[in-house]
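Computed from the coordinates by the stated procedures, all read-outs in this text should not be read as laboratory data. In this text the structure is predicted, and so the values were computed from the model without any measurement. Cβ placement follows ideal geometry from the backbone for every residue including glycine, while neighbour counts extend to all protein chains displayed.
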Amino acid sequence: MNALSQIESNLQKFYQTHAALVSSPFITREGRVNSDLLESIGQTIKLRWDLRPFLDLGCGTGLLSTFARRKPGMYIGLDLNRHALFQSLQGGSVHFGQGSSLYLPFRDQSIGLLACVDSFEHYPDHRAAADEMYRVLRADGQIFLSVPTYSNVAGWVKKRMEACGRYAPNTWAPFDYWKAEEYEYFITPDHIRSVFSAAGFTRFSFTGLASELVYGLAPWLWHPQCPPFFEKVAIRAFRLFAGPVTRLFPHWSLHTVWRIEK
């Protein structure tokens, strides 16, 4: 087994037993899709939610299918693991499969919209994954990419937590009270542009999430020893300026969201 296959195998086993660490700003604490946020972000980056077929790469539990059902056409969820929810969610135009981001089981130029929501940072070979996305995406297709971003204070903390040995390399993330991930790459906007440009993509649009500016600049708020009171106060304070600051410095948010095209 080569190194990339070993990482994928470790990831597969890890997320079978650590489902709580599969986190995304587009999934609410109640376990539902945040449709309002998806629609709002889609308008900001001029994403066409109506493009089909819709491939959800690294789909996790498949909850994004409940949002995709709003428009006609095929939705396909693909993940390293087969999740229990697949059986109840599939049917009609909704399909699920098990597979790797490095070897997508689709024909060339067959996908209209490819969503990769908070899974790209876990892939063992970003260039290979971007190459596969380019191969399967139609000329008029779009990629919707959401990734944690470390061009902020959270990135400073990540570097130091891993450098000092408290966390193994590529494992620190602020999610779920700083619990170690199996593989969490240091993602920045420059990295995304570099990798996808090398794969052949030419058009990029991205934004940050104002609601996550507070965690990008103060990741200690999710530390297990941080009193909940401080998080509540910080959230209220950041609401006063998070919108305009995030528009000026989207990479300060804990996540960036992208529209990528050929």
| query | Which residues' amide hydrogens lie under 5 Å from the amide hydrogen of Leu254, considering only partners 5 or more residues apart or on another chain, with H built in the peptide plane? | reply | Leu209, Glu212, Leu213, Tyr215, Gly216
| task | At a Cα cut-off below 17 Å, give the aspartates and glutamates reachable from Lys262, other chains included and same-chain residues fewer than 8 away excluded. | result | Asp108, Asp131, Glu132, Asp140
| At what distance in nm do the modelled label points of Gln98 and Ser40 sit from each other, each positioned 7 Å from its Cα along Cα→Cβ? | 3.8
| said: Among [x] 48, 43, 38; [y] 57, 46, 39; [z] 63, 36, 35, only one was calculated for this model; which label is it, if the read-out is Cα extents along the principal axes in Å? | reply: [x]
| Eligible lysines near Lys71 by straight Cα distance, threshold 22 Å, same-chain separation 8 or greater | Lys46
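Run the numbers for Gln87 and Ala168: contour at 0.36 nm per residue of separation, minus the present Cα-Cα distance, in nm. Could the numbers behind the result be given before it?
On the way: separation 81, 0.36 × 81 = 29.16 nm, distance 3.58 nm.
That works out to 25.6 nm of additional length.
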| task | Mind checking the full-extension length gain between Gln225 and Glu261? Use 0.36 nm per residue of separation minus the Cα-Cα distance, one decimal, nm. | result | 8.7 nm
| message | Going Cα to Cα from Lys158, which lysines come in below 20 Å? Please leave out same-chain ones fewer than 8 positions away. | response | Lys179
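So what is the 222 nm mean residue ellipticity for the chain from helices alone, if each DSSP H run of at least 4 adds -39500 (n - 2.57) and you divide by all residues, rounding to the nearest 500 deg cm²/dmol?
Helix contribution divided over all residues of the chain: -10000 deg cm²/dmol.
Report the net charge of residues surrounding Arg135, where surrounding means a beta-carbon distance below 12 angstrom and charges are Lys +1, Arg +1, Asp -1, Glu -1. Provide the component values of the computation, followed by the final result.
Numbers: positive: Arg107, Arg138, Lys262; negative: Asp108, Asp131, Glu132.
Neighbour charge sum, excluding Arg135 itself: 0.
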